[in-house]
1. Just a yes or no: is a residue in the range 179-189 within 14 Å of the ligand (Cβ to nearest atom) and either assigned by TED's automatic domain parsing to the domain that holds residue 300 or closer than 25 Å to residue 299 by Cα (or both)?
2. Can you list the strands (runs of 3 or more DSSP E) lying wholly within the range 21-76 that have 3 or more residues being crowded, with 23+ Cβ neighbours inside 10 Å?
3. What tally of residues in the range 102-119 results from selecting those that are open to solvent by less than 70 Å² (accessible area, probe 1.4 Å) and either of a type in the set (Phe, Trp, Tyr) or not in a helix (DSSP H, G or I) (or both)?
4. Can you tell me which residue in the range 234-249 is nearest to the ligand (Cβ to nearest atom), limited to those that are open to solvent by 10 Å² or more (accessible area, probe 1.4 Å) and more than 21 Å from residue 221 (Cβ to Cβ)?
5. Scan (1) open to solvent by less than 10 Å² (accessible area, probe 1.4 Å); (2) modelled with pLDDT of 95 or more for the single condition residue 154 breaks and write down its number.
6. For the range 282-364, please list each of the helices (runs of 4 or more DSSP H) lying entirely inside it that holds at least 3 residues being within 16 Å of the ligand (Cβ to nearest atom).
7. Give the residues of the range 191-219 that are open to solvent by less than 20 Å² (accessible area, probe 1.4 Å) and either within 14 Å of the ligand (Cβ to nearest atom) or assigned to a helix (DSSP H, G or I) (or both), sorted by residue number.
8. Filtering the range 252-272 down to residues that are free of Cβ contacts under 8 Å to residues at least 24 places away in the same chain and either under 25 Å from residue 184 (Cβ atoms) or of a type outside the set (D, E, K, R) (or both), which residue is farthest from the ligand (Cβ to nearest atom)?
Amino acid sequence: MRRPLRHIPIKHLQHETIDASGHEEVVFCHNKDAGLKAIIAIHNTVLGPALGGTRMWNYATEAEALNDVLRLSRGMTYKAAVSGLNLGGGKAVIWGDPNRDKSEALFRAFGRFINSLNGRYITAEDVGIDVNDMEYVLKETEFVTGVHQVHGGSGDPSPFTAYGVLQGLMAALTHKYGDEEVGKRSYAVQGVGHVGMEFVKLLHERGAKVFVTDINPALVQKAVDELGCEAVALEDIYDVDADVYSPCALGGTVNDKTIDRIKAKVICGAANNQLATNEIGDELARRGVLYAPDYAVNAGGLMNVSLEIDGYNRERAMRMMRTIYYNVGRIFEIAERDGIPTYKAADRMAEERIAAIGKLRLPHLGQSAPRFMGRRQS
Ligand code: NAD
């Protein structure tokens, strides 16, 4: 007999943390048979259904999993809002070891929880999850993006993210130097993985001088051989005399140890959470270093999967990436208008949009939720 899936009332679990976070809804998912322990956090749906990936991670404690999902889902609200998308912010975490605990039953049980939210939350891939896992989720719910292309999915988002970063870069160059000519500048790119390598390709095509580093020497060699880059040692990337520092690997690399070493006058890259602290963002502004806020610059992946909702179209996706140029430019205008650092201006732009649309009093209703046109389920 099939056991019913139940939402555990959140009042018994970490409610103070959740209260303080300002989320609309947090759902704890538990299914003993499938070994599922997951949390879905819906931060804000003023602009539309909450879209955000599912992360699978072996958290040490439930509190750690909760903190992660609350933080990540809030970030998705800001990313969608600043990107002009009709989407809210949400995220899910599955508490488990992605190398050991995956099964069809686990993902199908999880899919049923997502389905029970009737489109208020739409999932996608994140750390520890791949397209095959999403195939199982898709068997239970249509509220999933990042599925295989045979089901109308959008495929690897990295080239789109890289193209979006290029748009953000051009907005930053225009603001800093008065022209958007990518090839006139030099770049220090940290990380030439999926997004970084595509981004370097775009820089190379435009004739730019590019320095690269990566913990994977084969990728560095590829960038040198095929894209004419100059390799630098891992730690030396901060000291490179380049116009732009482009973090495309890890978060937190602009910190109190690196800030004095970074010579670039522009920071623009794909990595999430590039600034170690807000104070670092304040200090960059004081020093006249233009920081292109990460979540606005790297929104290409989110934009790309969002198009799966009403029928994926590659051309539309590329057109959408170009809006990043205007979004990032608008953030710089707000920073100047209000005399604030760019990271704060990005938050302000997102909050202003949510407040303005919220005043229209058109709440997102479950039944008008995504149509998922052109999607074949299983
Ligand atoms: P990836 O894992 O393919 O690439 C990251 C690269 O960084 C790898 O080649 C890795 O070897 C390298 N790296 C790791 N630690 C390093 C270090 N200390 N110094 C130098 N290189 C190091 O990941 P990705 O998909 O290219 O994503 C890159 C960043 O962009 C991540 O922060 C990710 O969260 C963010 N991002 C990616 C997308 C996307 O569409 N893939 C969208 C938005 C944001």
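1. Pass one, the range 179-189, residues within 14 Å of the ligand (Cβ to nearest atom): 188-189.
Add one more test, that the residue is either assigned by TED's automatic domain parsing to the domain that holds residue 300 or closer than 25 Å to residue 299 by Cα (or both), and what stays is 188-189.
Scanning the range 179-189, I find at least one residue that is within 14 Å of the ligand (Cβ to nearest atom) and either assigned by TED's automatic domain parsing to the domain that holds residue 300 or closer than 25 Å to residue 299 by Cα (or both), so the answer is yes.
2. Values: elements: 25-31, 36-44, 54-57.
Output list reads 36-44.
3. Summing the residues that are open to solvent by less than 70 Å² (accessible area, probe 1.4 Å) and either of a type in the set (Phe, Trp, Tyr) or not in a helix (DSSP H, G or I) (or both) in the range 102-119 gives 7.
4. In the first step, residues of the range 234-249 are kept if they are open to solvent by 10 Å² or more (accessible area, probe 1.4 Å); the result is 234-236, 238-241, 243, 248-249.
Keeping just the survivors that are more than 21 Å from residue 221 (Cβ to Cβ) gives 238-239, 241, 243.
Working: 238: 11, 239: 14, 241: 19, 243: 20 Å.
The selected residue is 238.
5. Of the numbered conditions (1) open to solvent by less than 10 Å² (accessible area, probe 1.4 Å); (2) modelled with pLDDT of 95 or more, the odd one out for residue 154 is (2).
6. Numbers: elements: 294-297, 300-306, 314-338, 342-358.
Filter on the range 282-364 gives 294-297, 300-306, 314-338.
7. In the first step, residues of the range 191-219 are kept if they are open to solvent by less than 20 Å² (accessible area, probe 1.4 Å); the result is 191-192, 196-197, 199-200, 203, 208, 210, 212-213.
Hits for the range 191-219 are 191, 192, 196, 197, 199, 200, 203, 212, 213.
8. In the first step, residues of the range 252-272 are kept if they are free of Cβ contacts under 8 Å to residues at least 24 places away in the same chain; the result is 257-258, 260-261.
Filter once more, keeping what is either under 25 Å from residue 184 (Cβ atoms) or of a type outside the set (D, E, K, R) (or both): 258, 261.
Numbers: 258: 12, 261: 14 Å.
Filtering first and then ranking leaves 261.
The values are calculated or read from the model by the stated rules, or taken from the named source; none is laboratory data. Computed from a predicted structure; not experimentally measured. Cβ: placed from backbone, ideal geometry, glycine included. Neighbour counts: every protein chain shown. For accessibility, only protein heavy atoms count, side chains too; no ligands or nucleic acids. Shrake-Rupley method; radii C 1.70, N 1.55, O 1.52, S 1.80 Å.
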